[in-house]
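Here's the structure we're looking at; comments come further down.
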Amino acid sequence: MSDNVILIITISLIIIFSPFFAKLLKLPTTPIEIILGSLLGYFGFIHDQELFVIVAELGFLYLMFIAGTEINLKKVLKTPKIVMRNVIFYLIILYSFSVTISIYLDLGKIFMVLLPLISVGLVATLSKEYGKTPWLNLSMTAGGIGEVVSIGLLTLTSSALDSGFGTSLTHTILALVLFLLFMFVLFRAVELLFWWFPWVSTALMPHEDNKEQDIRLSMGIFFLLVGAMLYLDLELAFGAFLAGIFIPTFFEHKHELPEKLASYGFGFLIPIFFIHIGSTFHLDALMMDGLISKAFIIALAMICMRVIASLVFIKDIGLRDSVLMGLSHSMPLTLLIAMATLAYHASSIDTLHYYAFILAALFQVISVMIVIKLINNYKLKKEEA
């Protein structure tokens, strides 16, 4: 049997059975996919193949697109000033911790960007389990703003790693600023268009849709913005993320659409990305001197940073919910792995630290999910008593 046939069968089996293992172990599906990808890659069932790598990259971009669909720009802009001020303060504390730790431990500059990364991808999975609680609502708002900052830095860092801190980086920053200005004007123009002519919105995405116009338009916006990023030589993930924001912001009448898009992504494209990431983590690396301790320190530092920074919200939601909110941001699995991969390919971090970040990302997801469940169960028991 050819290697490519074995690869296809293996990926298919992981996609099918990962949810069952996740349910059995009471963990999110994502770390299970990474672990299985690593195990089966170690035994030779998964190998790098051009189409596999391309589909995995598409899966990552689609994941960023789904992350964008979690953010309704209109609602974010209506966030009370006090909450917005606390969110900004929260991010300042995070980045201050990151700079301090990186300088004190004599880490590379790239760590200043890696340690405070925020992604709302797994926060959305918490919403499915715990409902729309106050701490999760605040987590989505603060996380959405934090993710925009993180992806903006990802774009700039990607350019800096590729071309250095010179004229090329200046051109990239200028292109990014101009693109953001264009997007701002576009968002305002579409907002005015839909306000004056609300029927346009329903014409583009009708309530009764037997031609899947909502999916077609969503995919069209996704590929258009990814194409724009490709033309401008900017980070593709940023375009995918902005495309996602477009959907809930301007097509609020299609409440089920983000979930519909997410179901397709998490059922097909996104698992392939995580399986590929797992296959790049060689189990032999666990024997590398200091790997597990470094991964543990990175995970602990990232969790503590967020929990301490989240205390700025004590007056809004209380101590316990503030801690829960900080913990919910301690699982930037997707962005952390993507950024670590980018830094590794640009030789900004060595193999040891690359593996340490992947391992730390897994440590974070598993430990944080367990701690959140314990705190939430204790809270429920106390309320019942």
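The values are calculated or read from the model by the stated rules, or taken from the named source; none is laboratory data. What you see is a predicted model, and the numbers here were worked out from it, not measured in a lab. Ideal geometry is used to build each Cβ from the backbone, glycine not excepted, and the neighbour counts take in all protein chains shown. Accessible surface is based on the protein model in full, side chains and every heavy atom, while ligands, DNA and RNA are left aside. Shrake-Rupley method; radii C 1.70, N 1.55, O 1.52, S 1.80 Å.
Overview of results
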item: For segment 291-333, convex hull volume per residue from C-alpha positions, Å³; result: 56
item: Relative contact order of the chain, pairs being alpha-carbon contacts under 8 Å that are 6 or more residues apart, as %; result: 30
item: Radius of gyration and maximum dimension Dmax of segment 1-141, Cα, Å; result: 19.7, 62
item: Amide N proximity, segment 246-266 versus LYS78 label position 7 Å along Cα-to-Cβ, cut-off under 18 Å; result: 246-256
item: Peptides 75-86, 349-360 ordered by average Cβ neighbours within 10 Å, highest first; result: 349-360, 75-86
item: Gain upon complete extension [LEU232, VAL190; 0.36 nm per residue less C-alpha separation]; result: 12.9 nm
item: Whole-Å distance, taken between Cα centres, linking segment 1-28 and segment 137-161; result: 31
item: Whole-number Å³ per residue for the convex hull built on Cα positions in segment 151-253; result: 84
item: Flagged links, alpha-carbon separation over 25 Å, of LYS294/LYS315; LYS132/LYS211; LYS78/LYS254; result: LYS294/LYS315; LYS132/LYS211
item: Per-bin percent of Cα-Cα distances, segment 286-385 [10 Å]; result: 16, 38, 28, 14, 4, 0
item: For segment 78-125, fraction of C-alpha pairs farther apart than 14 Å, in %; result: 61
item: Per residue solvent-accessible surface (Å²) - segment 289-385, probe of 1.4 Å; result: 42
item: Segment 1-54 - convex hull of alpha carbons, volume per residue in Å³; result: 78
item: Cα pair distances exceeding 11 angstrom across segment 326-375, given as percent; result: 66
item: Cα-based Rg of segment 180-229 normalised by 2.2 N^0.38 Å, two decimals; result: 1.29
item: Computed lengthening from GLN49 to PHE20, 0.36 nm per intervening residue step minus Cα-Cα distance; result: 7.7 nm
item: Helix runs (DSSP H) in the chain reaching 30 Å along axis by Cα, Kyte-Doolittle at least 0.5; result: 3-25, 81-104, 134-163, 167-196, 351-384
item: Distance histogram for the chain (every C-alpha pair counted, 10 angstrom bins, percent rounded to whole numbers); result: 5, 22, 33, 28, 11, 2, 0
item: Rounded percent of accessible protein surface that carbon and sulfur make up, the chain, 1.4 Å probe; result: 69
item: Residues of segment 21-54 with amide N under 17 Å of a point placed 7 Å along Cα→Cβ from THR351; result: 42-43, 48
item: Helix-only mean residue ellipticity at 222 nm for the chain, each DSSP H run of n ≥ 4 adding -39500 (n - 2.57), per residue, nearest 500; result: -26000 deg cm²/dmol
item: Net charge of Cβ neighbours under 12 Å - reference VAL226; Lys, Arg +1; Asp, Glu -1; result: -2
item: Net charge dipole size for segment 149-299 [Lys, Arg +1 and Asp, Glu -1 on Cβ; Debye, nearest 20]; result: 160
item: For segment 1-67, accessible area per residue (1.4 Å probe, heavy atoms of protein chains only), Å²; result: 54
item: Whole-number D in µm² s⁻¹ for segment 241-287, Kirkwood Cα-pair radius fed into Stokes-Einstein, 37 °C, 0.692 mPa s; result: 251
